[in-house]
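Computed from the coordinates by the stated procedures, all read-outs in this text should not be read as laboratory data. Given the structure is predicted, the values throughout are model-derived calculations rather than measurements. Here the Cβ is made from the backbone with ideal geometry for all residues, glycine too, and neighbour counts use every protein chain on show.
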Amino acid sequence: MAFASHGVLLRAAQPLPGAAKSLSLLERQRIPFILLTNGGGMSESERIGQLNDRLGLQLHHDRIIQSHTPFAELVEGKKEQEPLENKCVLVVGGPNDRCRHVAKQYGFKSVVTPADIFMAHPSIWPFSKSFSDHYKNFAQPVSRPVTGGSPGNLKVDAILVFNDPRDWALDIQVIIDLLLSHHGILGTYSEKNNREDLPNRGYQQDGQPKLYFSNPDLLWAAAYHLPRLGQGGFAAALHGVWDALTGGPAAGVKLQSTMIGKPHQSTYEFAEKRLLQQRESAFKGADVVPLRDVYMIGDNPESDIRGANSFNSATGTEWTSILVKTGVYRGEKPAWPPKVIVNGVQDAVEWALKRSQWLTSP
């Protein structure tokens with residue numbers, strides 16, 4: 001099984017009815033499960049520690065996949081991206097510099113943040129000066145200059161938006177500077193930009209860093225009674241600025257980026273791989289039949305349900321979506337209809353076990 005956390009197990013950090021009981025049942029039955037969240041901003045160990053404290057459980061950190069957990073695969077390289085272990089990555093988002101520490105735990109050896117760049121040269125975004133006292137508490141020195149357009153300036157090889165950014169304006173400015181640069185060298189401007197004879201009018205055609213987002217959620221369920229803007233809101237703002245500067249689709253220009261997190265295929269591939277590893281570990285030495293069914297229990301039709309409904313499993317596993325009423329969902333007809341809608345997580349687990357004909361023992 002796979003669970004969303006916010007809106008399914010917790011609401012504003014408070015446990016939802018049946019959450020602890022349901023997960024305890026699955027552990028006793030040795031039914032593999034993961035917690036698949038578009039949240040992040042901290043290490044997996046810290047996240048599962050918080051969840052254990054709130055639910056009174058002792059789950060291992062490999063049970064949880066946060067939005068940015070798949071970024072760890074970029075350390076050794078994946079698909080079109082070269083290995084980034086020894087490259088410089090810009091890590092964006094999250095409180096203070098916690099995402100920097102998470103990135104280093106994943107294996108990235110050279111990590112900078114927009115706060116580092118701002119403190120090195122505050123004129124890069126003069127409207128963030130009021131945050132200087134905050135940034136100086138965690139910003140780290142950068143190894144090279146960030147202004148003047150010199151080839152010896154700081155070079156960034158990839159941009160990783162780990163978590164919801166806090167200072168949208170500074171982060172957008174730094175990212176835009178890098179996407180318009182020559183070879184990711186901060187303070188430079190590519191001569192290929194706006195060339196009609198080049199693909200994408202020359203934009204992002206000059207060795208600029210690839211841009212990765214970890215969470216497409218426009219909205220999420222917070223303590224406030226109405227959903228709040230998430231990382232998807234930041235991505236939309238960045239896209240809007242990019243289009244205004246380059247002419248956007250009307251001029252034949254597209255912001256080239258990679259989005260992971262629910263509902264995207266790559267995140268569900270990562271989740272299924274983790275479930276298969278759990279099964280192998282739980283039934284080591286046994287003749288285990290192929291994984292047939294996975295039940296995705298979520299509160300957000302646009303991420304949890306859409307992802308499960310759209311996922312194309314390479315192993316032939318069927319993902320079945322279950323929507324609960326305890327999070328983002330407000331009773332409207334969902335654009336991505338689940339297999340079933342239930343009141344909460346305990347009802348969802350019971351429905352899944354009954355449908356799979358799993359005989360539970362006391």
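Rounded, prolate or oblate, given the Cα gyration tensor of segment 113-208, with a/c below 1.5 counting as rounded? Here segment 113-208 falls in the prolate category. In straight-distance terms, cross-link reach from residue 109 covers every one of the lysines whose alpha-carbon lies under 25 Å from its own, apart from those fewer than eight places away in the same chain; here that gives 78, 79, 87, 136, 155, 210. The GNM of the chain, with springs linking C-alpha atoms under 10 angstrom apart, assigns the highest mean-square fluctuation among 170, 25, 275 to 25. Remark on residue 189: its backbone amide H falls under 5 Å from those of 182, a criterion applied only to residues 5 or more positions apart or on other chains, H modelled at 1.01 Å from N.
Highest mobility in the GNM of the chain, judged by mean-square fluctuation with C-alpha springs under 10 Å and restricted to 148, 248, 261, is found for 148. Please work out whether segment 176-323 counts as rounded, prolate or oblate from its C-alpha gyration tensor, where a ≥ b ≥ c are the square roots of the eigenvalues and a/c under 1.5 means rounded, while otherwise a/b larger than b/c means prolate and anything else oblate? Cα axes put segment 176-323 in the prolate bin.
The chymotrypsin sites (Phe, Trp or Tyr not before Pro) of segment 236-330 that DSSP puts in a loop, and whose beta carbon has at most 13 other beta carbons within 10 Å, are 283. Using a simple spin-label model with pseudo-atoms 7 Å out from Cα toward Cβ, residue 24 and residue 132 lie 5.4 nm apart. Restricting attention to segment 246-362, the count of lysine pairs at 8 or more positions apart or across chains with alpha carbons under 27 Å apart stands at 15. Note on segment 69-259: antiparallel DSSP beta bridges, both residues inside, total approximately 30 percent of the bridges counted. Under the classification rounded if a/c is under 1.5, otherwise prolate if a/b is larger than b/c and oblate if not, where does segment 69-259 fall, given a ≥ b ≥ c as square roots of the Cα gyration tensor eigenvalues? Rounded is the answer for segment 69-259, as its axis ratio a/c remains below 1.5.
Looking at the chain as a GNM with Cα springs under 10 Å, which of 204, 231, 50 has the largest mean-square fluctuation? Among 204, 231, 50, the largest mean-square fluctuation in the Gaussian network model of the chain belongs to 50. What whole number of Å gives the distance from the Cα centroid of segment 298-337 to the Cα centroid of segment 104-126? Distance between centres, Cα-based: 36 Å. For Rg and Dmax of the Cα atoms in Å, the value computed from the atomic coordinates appears in the list (i) 21.8, 70; (ii) 19.2, 55; (iii) 21.4, 64 under label (i).
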